[in-house]
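Everything on this sheet refers to the single structure shown next.
Just so you know, all these numbers are worked out from the coordinates, no wet-lab data involved. Quick caveat, the model's predicted, so the values are computed rather than measured. Every residue, glycine among them, receives a Cβ derived from its backbone with ideal geometry; neighbour counts consider all protein chains shown.
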Amino acid sequence: MKSGPLVGVRVIDLSRLAPGPYATMLLADLGAEVIVVGGGRAGVPIPELSRGKSFISLDPRTDDGRAALHALVRTADVLVEGFRPGVASRIGAGYDELSALNPRLIYCSLTGYGQSGPRSQEAGHDINYVGLSGLLGAVGPADRPPLPPLNLVADFAGGSMVAAFGIVSALYEREKSGRGQFIDAAMVDGCLSMMAMHFPLWKTGVMPARGEGLFAAPYYRTYECSDGKFVAVGALERGFFVALWSKLGLGEPPDHFDMNEWPGIEHKLGAAFRAKTRNDWAALFIGSDACVTAVLTPDEVMSDAQFGARHADAGAPVPVVPQFARTPGQAGMTDLTDTTRNTLGRAGVDADLIARVTAAQEKAPRTGLDWPPEFKNSKNKSELGERHEGNGPGHIRTVP
């Protein structure tokens, strides 16, 4: 039984790769029914983004597949797709066609460059969007190339979360107007929005250039410890810096906003942190306002006391966010079983049409990129291969 503030909302997910599936995972976590439509040239679903969803297979490029999709859309509240502009319309899944079938439908197109502009038809990935938005050109040390922070900023923050925010906002508006609408969510636009505080700082004393200014200050960086691991220091405000300096026993705190003091501050902090292990420092600074924490590797994160206290019963690799006091969401199970027959049957699709759709998909070749990809000569190749063995239609994979 689902729970959460979005119980009763039905979402059709035509998206592929990461941004769309993560957006619909957020909706599923908060109670929405999410039906992922695969088939045709659809890629293989990413299990880590599939919890709480159901999966069907049909090809909207065929007459039968299109008819089945249209029948399903008539019962839906939301549809999410991530095709390049124009593709959805060519396969009978565009906004104009679907909104005519269901005027209350909220239709979210989640793409890299959006529905308009000279780049709208170009391929791209997170690194391209953060590059064009000015973010990548502003981060990292001055003497080395910019390094993207995984694919978190454009794909997930500028894409998934902005799309989910737009969908929930449109659901709220529909309660007043009774009408659905089209949402144009562009990952590059999301990146631009998140730069709101930083654009005005560029070429000023705060952010004069990449690798310079406030975000390169010696009290806002990482330091290596005696065991080769790192701590993160974020003591920006005066009170936090004083707490840091005092906790390290370094004497009278200097004026940390005086850039002439920065080389000396960096030298003293570096020498101090090299004297103990990362975990020693992390333990020492617990409960203080010095803003010092361990830099954890992904396999260490959930053993941290903070996450253990907040998410001990999450039952999933990552928790449901945010937390609701009265209508909490929950992380559903991951089950990639193909449910085409049951799902279309519940939507009132004719039994003969269901039979034709499922028969066509059983003969269709499997396409798309497995995640994570297997790289040649990778030390973990065999492990990665085993991880996704048998995730095709009809295979049951249930994990917390």
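Okay, here's what the table says:
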{"quantity": "Region 54-132: GluC sites (Glu not before Pro) in DSSP coil with no more than 12 other Cβ atoms inside 10 Å", "calculated": "Glu122"}
{"quantity": "Estimated FRET transfer efficiency (Leu150, Glu175; beta-carbon r; R0 35 Å; 0.05)", "calculated": "0.45"}
{"quantity": "Cα pair distances exceeding 26 angstrom across region 184-328, given as percent", "calculated": "44 percent"}
{"quantity": "Selected from Ser169, Leu72, Pro45, residue furthest toward positive end of dipole (the chain; charges at beta carbon)", "calculated": "Leu72"}
{"quantity": "Listed residue (Ser133, Gly205, Gly249) projecting farthest to the positive dipole end of the chain, Cβ model", "calculated": "Ser133"}
{"quantity": "The chain - Rg and Dmax from Cα coordinates, angstrom", "calculated": "24.7, 82"}
{"quantity": "Residue of Gly94, Gly180, Gly251 that the Gaussian network model of the chain assigns the largest fluctuation, springs spanning Cα pairs under 10 Å", "calculated": "Gly251"}
{"quantity": "Region 218-310 - percent relative contact order, Cα under 8 Å, separation 6 or more", "calculated": "37 percent"}
{"quantity": "Phi to ³J(HN,Hα) by Karplus 6.51 cos²θ - 1.76 cosθ + 1.60 over region 193-198, Hz, x for Gly, Pro", "calculated": "4, 6, 8, 3, 7, 9"}
{"quantity": "Where chymotrypsin sites (Phe, Trp or Tyr not before Pro) in DSSP loops with at most 16 other Cβ within 10 Å are excluded, longest remaining stretch of the chain", "calculated": "1-256"}
{"quantity": "Pair Glu212, Thr297: separation of 7 Å Cα→Cβ label points (nm)", "calculated": "3.6 nm"}
{"quantity": "Region 214-298: GluC sites (Glu not before Pro) in DSSP loop, at most 16 other beta carbons within 10 Å", "calculated": "Glu237"}
{"quantity": "Helix-only [θ]222 nm of the chain, DSSP H runs n ≥ 4, -39500 (n - 2.57) each, per residue, nearest 500", "calculated": "-9000 deg cm²/dmol"}
{"quantity": "Anchor Lys363: lysines whose Cα lies under 18 Å away (excluding residues fewer than 8 positions away in-chain)", "calculated": "none"}
{"quantity": "Principal axis box of region 67-202, alpha-carbon based, largest edge first, Å", "calculated": "57, 32, 24"}
{"quantity": "FRET efficiency estimate (nearest 0.05) - Cβ-Cβ, Asp352 to Ser193, R0 56 angstrom", "calculated": "0.70"}
{"quantity": "Estimated distance in nm for a label pair at Asp280 and Met333, the labels positioned 7 Å out from Cα along Cα-to-Cβ", "calculated": "4.8 nm"}
{"quantity": "Positive-end residue, region 218-310 charge dipole about Cα centroid, Cβ charges, pick of Cys291, Gly239, Phe307", "calculated": "Phe307"}
{"quantity": "Filtered trypsin sites (Lys or Arg not before Pro), region 243-284: DSSP coil and at most 14 other beta carbons within 10 Å", "calculated": "Arg274"}
{"quantity": "Per-pair calculated FRET efficiency, R0 = 25 Å: Asp63 and Asp96 via Cβ, rounded to 0.05", "calculated": "0.85"}
{"quantity": "Distance in nm between pseudo-label sites at Ser288 and Glu261 (7 Å out along the Cβ direction from Cα)", "calculated": "1.7 nm"}
{"quantity": "Whole-number percent relative contact order across the chain, with pairs defined as alpha carbons under 8 Å at least 6 apart", "calculated": "20 percent"}
{"quantity": "Debye intensity ratio I(q)/I(0), log10, region 126-192, q values 0.23 Å⁻¹ (C-alpha model)", "calculated": "-0.88"}
{"quantity": "Cα centroid separation - region 55-126 against region 344-363, whole Å", "calculated": "20 Å"}
